[in-house]
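Engineer: Dropping the structure in here first, questions after.
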Amino acid sequence: MRPDCYPGLAACASPEPTTELALSQSEDWHSLRIGVNGMITIAPGLRLTADMAYLPYVSVSGLDTHHQRQARFRKAAPGTACSSKPC
């Protein structure tokens, strides 16, 4: 055992084989975008471009899978609560 390792310390565990899948992640985004864009020439070689958008509906759902564990963890959009059950 290395002298800087203590029993149970994760950093001291044996490394996993690189042929095994450890983590995967999937995300699903849905949104409604209402917007405009425009361009105006101010002078030869100088133009102003603008892009404006309003998003009245945005939803995101994410799933982290830790293949070496039995648990699955979901991510919630900011401002919402989420447990180990589907959001």
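The values are calculated or read from the model by the stated rules, or taken from the named source; none is laboratory data. Source: prediction; values computed, not measured.
Engineer: State whether one or more residues within the range 41-52 are under 27 Å from the mean Cα position of the chain (by Cα) and part of a strand (DSSP E or B).
Structural biologist: Yes; the residues of the range 41-52 include at least one that is under 27 Å from the mean Cα position of the chain (by Cα) and part of a strand (DSSP E or B).
Engineer: Can you find a residue that is more than 17 Å from His30 (Cα to Cα) and modelled with pLDDT of 85 or more anywhere in the range 51-61?
Structural biologist: Scanning the range 51-61 turns up at least one residue that is more than 17 Å from His30 (Cα to Cα) and modelled with pLDDT of 85 or more.
Engineer: Can you find a residue that is of a type outside the set (S, T, N, Q) and at pLDDT below 85 anywhere in the range 22-44?
Structural biologist: Scanning the range 22-44 turns up at least one residue that is of a type outside the set (S, T, N, Q) and at pLDDT below 85.
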